[in-house]
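Structure first, then comments.
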Amino acid sequence: MNEYGCNVCNEEYSARDPLKCPRVLTGCGHTICHSCAMTIAARNISIFCPFDRTTTQIPGGDIKNLKKNFALLELLEKIYEGIPDSEKLIKIDKFSKERLLNLECDENSEHVAVIYCTVCDSNFCERCSELSHSTNVLSKHRRVPLTEKPAPVIHCRLHSSYIVEFVCKEVSCDNESPLMCLMCRDYGRHKGHCHVLIDIEVEDLREKVREHLGELARQSDVVNTALSNINNTIHELSPGEEDGSLEETKQEVRNHFQRLRAALEREEADAVDTVDRYARNRIDNLLTQKERLEAFSTKIGSTCVTLQQALIMEKAKILDRKDDLLALAESTAAEQTSVPDQTQLSTRIAFSFSNDRKLHIGDFIESRVVLLGLDGAGKTSIVRRLKKVRIDAVMAPHPTSGFNIETIHYKNYRLNFWDVGGLPKLRHLWKHYYSNAQAIFYVIDGHAVERFTEAIKELNKVMSDPLVGTCPVFVGINRRDGSALNGHMDALLSQLETLPFQHHFHFCDAATGSGIDQIIDQITICLSRLNGTCPV
Ligand SMILES: Nc1nc2c(ncn2[C@@H]2O[C@H](COP(=O)(O)OP(=O)(O)OP(=O)(O)O)[C@@H](O)[C@H]2O)c(=O)[nH]1
Ligand SMILES: [Mg+2]
């Protein structure tokens, strides 16, 4: 085994020959030469150590990135310094050309052959050449560098005592082999054929092969660069690579959420602070009110005491103080006191959030809901039901001639219901009502089977109007009071489904009130989602 050689190919390490540079397998610490590392690397990604099978990742997919064994290189350098100048060239370059041939040693196929034995007719690496020719007799074999191996002589197959010297170039020649000797040329099957010297032909061919090799080497460079780039990209995108682009991106994403969380925490603190300030203001107001009421209470108390004392005064005295007493009683009674009502003392703090996640405390959120639908569909009846007015099913129809507004409070919403008349002559006015609406509540009379088509047509007109925009549309099928018209209802529902706009439909009954609260609930939920507010 070579003292300073690679334990795989047995060739000496070199600080000057890049292929013999000692590379450290960082997974286990063993050292092998650069060219062996290239040979045994698995797809340029990793190397299994030939001594202990430990895996070493190839950084960036390039063997050049494997650490050099600098201790060994320094040692080699010192040895090299100690070699006489005359031997240095030999030491460095002795068989570099032969190595380029990359032929196997006939003794050990893992070694690269550099020497040819003219007697054994075999190729050897330096070490195997020495070992196999160590006896007295064999050491006399003539051995030459592989590049000086004598070219083999080819004998003509037809005239075995003649050697092949020419190659036939006759286009129409149909002989089995283009190789010809003197006999073939002058007397044989190639007689009169155009021909060239075999060496010229071979050199021509070699030149072409060299050109191809050059082209392939350029292609190989391109492919290797591409492979190296792919490996770098894979490396960057692989999980766990601290400096990889995947980790960088993940970190940026984490930072983004970190910032969001920090912003959210600040907003939360602001919102909680707003609630605190609101409560403090209310307490301050109540304290002022309390102070005023306490002063008034004291005044009432002292007036009462004075008046009670007057009751037991002697007649002359009470008459004497008549004016004072009455004036005191009247002035105390006349004092204006505002006593807080129940809503002012409510401890419930209504709040909502706007789109920018800001907290708003106090007032109800005002929203306009426009009720539309054919005349007699039950709009006014629904609004009356919302206002908790009893609906008499046999009440004579009373068409709305313009519109009515009714307000109800639901959760943190003040909903203004615009009940618009549905008579045909009024329908062209609908757009003036829904243009500023936050929601549209379209009522269909569930019993008016003969008017379903008309109702859907009007609904379609409303929903196609650009003024409606993103305003949510709720369809209430009214009069679901038990006498269901199932067949017709299915037809109505399928007509509703064919509408090319998004809407929400529900069943309700103005006479019994069923389903109406649910629709109002859905409207406020939908408004909250659109406003970015939260129903309390
Ligand atoms: N049985 C029953 N009758 C209802 C119901 N809803 C409405 N009605 C009756 O239907 C008739 C018309 O109802 P309205 O509420 O006035 O209809 P409208 O949609 O306001 O009609 P216009 O104002 O003309 O657009 C009235 O006689 C109501 O009593 C219901 O759910 N059940
Ligand atoms: Mg009406």
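The values are calculated or read from the model by the stated rules, or taken from the named source; none is laboratory data. Worth saying up front: this structure is predicted, and the values here are computed from it rather than measured. Counting neighbours? That spans all protein chains shown, and the Cβs are built from the backbone with ideal geometry, glycine included.
Overview of values
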| item | result |
| --- | --- |
| Count - residues of region 398-411 that are within 11 Å of ligand 1 (Cβ to nearest atom) and within 45 Å of the chain's Cα centre (by Cα) | 0 |
| Residue match in region 412-430 (condition: assigned by TED's automatic domain parsing to the domain that holds Gly376, away from ligand 1 (no atom under 16 Å from the Cβ) and within 19 Å of Leu496 (Cα to Cα)) | no |
| Residues being at pLDDT below 90, among the hydrophobic types (A, V, I, L, M, F, W, C) and crowded, with 16+ Cβ neighbours inside 10 Å - total across region 385-414 | 2 |
| Positions within region 374-384 being surrounded by fewer than 24 Cβ atoms within 10 Å (Cβ to Cβ) and either more than 9 Å from ligand 2 (Cβ to nearest atom) or basic (Lys, Arg) (or both), in sequence order | Leu374, Arg384 |
| Helices (runs of 4 or more DSSP H) within region 410-503 that include 2 or more residues under 25 Å from Arg368 (Cβ atoms) and touching a residue at least 40 places away in the same chain (Cβ under 8 Å) | 430-434, 452-464 |
| Candidate set from region 135-151 (those that are in a strand (DSSP E or B) and not hydrophobic (A, V, I, L, M, F, W, C)); member that is surrounded by the fewest Cβ atoms within 10 Å (Cβ to Cβ) | Pro145 |
| Hey, Val462 among the hydrophobic types (A, V, I, L, M, F, W, C) and in contact with a His (Cβ under 7 Å, 6 or more places away or on another chain) or not | no |
| Looking only at region 322-350, and only at residues there that are under 18 Å from Val305 (Cα atoms) and of a type in the set (A, V, I, L, M), the one that is surrounded by the most Cβ atoms within 10 Å (Cβ to Cβ) | Leu325 |
| Residue that is surrounded by fewer than 11 Cβ atoms within 10 Å (Cβ to Cβ) and among the hydroxyl-bearing types (Ser, Thr, Tyr), where the choices are Thr303, Thr298, Thr233, Thr274 | Thr298 |
